[in-house]
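A.B. asks: Here you go, one structure.
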Amino acid sequence: MIQSRAVRTRQELIRAAAEAFALRSYHQATIADISEAAGVSPGGLHFHFTNKAAIAEAVEDEAAQLLRATCRDARSGAHTSLQALIDASHAIAALLSGNIVARAGLLLGQEPTRSSKLSLHQEWAECIHLLVRRAVEEGQLSSDVSPRDLYTAVLAATVGLEALGRGDGRWLTPQTLASFWRLLLPRICPPHRAVHLNPTGTAAR
């Protein structure tokens with residue numbers, strides 16, 4: 001019972017910190033802000049985390065785990081690697097739209113006032129690179145498509161949509177991503193393969 005209460009308190013602190021970092025930035029958020037939002041005394045906070053930097057690391061760690069699990073689920077659930085890439089982009093957008101810890105973890109990696117051991121953008125880039133490479137191995141791409149160019153286009157577009165989505169959530173909607181994939185798919189794969197791909201994603205099916 002005591003252990004489960006401690007776990008719950010730690011999670012409440014991580015969530016409160018994520019909200020503070022996302023709304024105020026890492027630099028402006030204070031220990032007092034986080035402890036008050038979590039309903040935990042400053043002493044209780046320091047029982048779990050030595051300082052603000054330690055809380056930020058915990059937020060980033062949890063966000064990275066969420067992102068990795070999202071990409072892993074997309075890879076295991078799709079029938080081709082190209083469909084997995086489409087599904088992963090939709091799943092990551094949904095994660096960032098609906099999960100404050102994931103959103104804050106991404107922002108923390110770009111904070112100029114702190115150094116970070118993790119880069120969630122790099123985690124996403126590696127997921128894209130893996131799925132593009134597998135799509136090549138599966139013969140999913142048209143012969144004149146450069147895997148490097150495809151990787152660059154998907155990374156730039158999705159990271160750009162994420163940045164725009166911070167101010168306007170419509171940039172991270174399924175409709176926006178589906179429009180991007182409808183535009184891209186006819187260019188990157190033959191018609192007989194494109195017809196079997198779902199630009200809206202398959203996760204909900």
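The values are calculated or read from the model by the stated rules, or taken from the named source; none is laboratory data. The structure displayed is predicted, hence computed values, not measured ones. Cβ coordinates were reconstructed from backbone atoms using ideal geometry, including for glycine residues, and neighbour counts include every protein chain displayed. Side chains included, ligands, DNA and RNA excluded: accessible areas come from the protein's heavy atoms. Shrake-Rupley method; radii C 1.70, N 1.55, O 1.52, S 1.80 Å.
A.B. asks: Quick one: would you say ALA88 is hydrophobic (A, V, I, L, M, F, W, C), out of contact with any helix residue (DSSP H, G or I) (no Cβ under 7 Å at 6 or more places or on another chain) and open to solvent by less than 70 Å² (accessible area, probe 1.4 Å)? Steps first, answer last, please.
C.D. replies: Numbers: hydrophobic (A, V, I, L, M, F, W, C): yes; out of contact with any helix residue (DSSP H, G or I) (no Cβ under 7 Å at 6 or more places or on another chain): no; open to solvent by less than 70 Å² (accessible area, probe 1.4 Å): yes.
It is false that ALA88 is hydrophobic (A, V, I, L, M, F, W, C), out of contact with any helix residue (DSSP H, G or I) (no Cβ under 7 Å at 6 or more places or on another chain) and open to solvent by less than 70 Å² (accessible area, probe 1.4 Å).
A.B. asks: Just to be sure before I move on: is VAL159 within 19 Å of LEU183 (Cα to Cα), out of contact with any strand residue (DSSP E or B) (no Cβ under 9 Å at 6 or more places or on another chain), open to solvent by 20 Å² or more (accessible area, probe 1.4 Å) and among the hydrophobic types (A, V, I, L, M, F, W, C) in the structure I sent?
C.D. replies: Numbers: within 19 Å of LEU183 (Cα to Cα): yes; out of contact with any strand residue (DSSP E or B) (no Cβ under 9 Å at 6 or more places or on another chain): yes; open to solvent by 20 Å² or more (accessible area, probe 1.4 Å): yes; among the hydrophobic types (A, V, I, L, M, F, W, C): yes.
So VAL159 fits the description; yes.
A.B. asks: Among the helices (runs of 4 or more DSSP H) contained in the stretch 87-205, which hold 1 or more residues that are free of Cβ contacts under 8 Å to residues at least 40 places away in the same chain and either touching a Lys or Arg at 6+ places or on another chain (Cβ under 6 Å) or among the polar types (S, T, N, Q) (or both)? Walk me through it before giving the result.
C.D. replies: Working: elements: 100-108, 120-137, 147-165, 174-188, 191-194.
Of the helices (runs of 4 or more DSSP H) lying wholly inside the stretch 87-205, those with at least 1 residues that are free of Cβ contacts under 8 Å to residues at least 40 places away in the same chain and either touching a Lys or Arg at 6+ places or on another chain (Cβ under 6 Å) or among the polar types (S, T, N, Q) (or both) span 120-137, 147-165, 174-188.
A.B. asks: Let me confirm something: among ALA178, ALA156, ALA135, which residue is among the aliphatic types (A, V, I, L, M) and closer than 15 Å to ALA94 by Cβ?
C.D. replies: Working: ALA156 fails: closer than 15 Å to ALA94 by Cβ; ALA135 fails: closer than 15 Å to ALA94 by Cβ.
Result of the check over ALA178, ALA156, ALA135: ALA178.
A.B. asks: Among the residues of the stretch 63-85, is any of a type outside the set (Phe, Trp, Tyr), buried (at least 19 other Cβ atoms within 10 Å of the Cβ), without any contact (Cβ under 8 Å) to a residue 40 or more places away in the chain and assigned to a helix (DSSP H, G or I)?
C.D. replies: yes
A.B. asks: When the residues of the stretch 162-175 are filtered to those that are under 13 Å from HIS90 (Cα atoms) and touching a Leu at 6+ places or on another chain (Cβ under 7 Å), which remaining residue is most open to solvent (accessible area, probe 1.4 Å)?
C.D. replies: That would be TRP171.
A.B. asks: Another one. With the requirement that a residue be polar (S, T, N, Q), surrounded by 12 or more Cβ atoms within 10 Å (Cβ to Cβ) and not in a loop (DSSP other than H, G, I, E, B), what does the stretch 1-60 give you?
C.D. replies: Answer for the stretch 1-60, where residues must be polar (S, T, N, Q), surrounded by 12 or more Cβ atoms within 10 Å (Cβ to Cβ) and not in a loop (DSSP other than H, G, I, E, B): THR9, GLN11, SER35.
A.B. asks: Hey, another quick one. Between LEU23, LEU13, which is in contact with a Phe, Trp or Tyr (Cβ under 8 Å, 6 or more places away or on another chain), closer than 20 Å to LEU106 by Cα and modelled with pLDDT of 90 or more?
C.D. replies: On the way: LEU23 fails: in contact with a Phe, Trp or Tyr (Cβ under 8 Å, 6 or more places away or on another chain).
Selected residue: LEU13, the only one of LEU23, LEU13 that is in contact with a Phe, Trp or Tyr (Cβ under 8 Å, 6 or more places away or on another chain), closer than 20 Å to LEU106 by Cα and modelled with pLDDT of 90 or more.
A.B. asks: In this structure, is SER97 within 23 Å of LEU131 (Cβ to Cβ) and open to solvent by 40 Å² or more (accessible area, probe 1.4 Å)? Full working, then the answer.
C.D. replies: Numbers: within 23 Å of LEU131 (Cβ to Cβ): yes; open to solvent by 40 Å² or more (accessible area, probe 1.4 Å): yes.
So SER97 fits the description; yes.
A.B. asks: Still on this structure, I have one more. Would you point out which residue out of ARG148, ARG134, ARG170, ARG205 is within 20 Å of SER81 (Cβ to Cβ) and at pLDDT below 95?
C.D. replies: Going through ARG148, ARG134, ARG170, ARG205 in turn, the sole match is ARG205.
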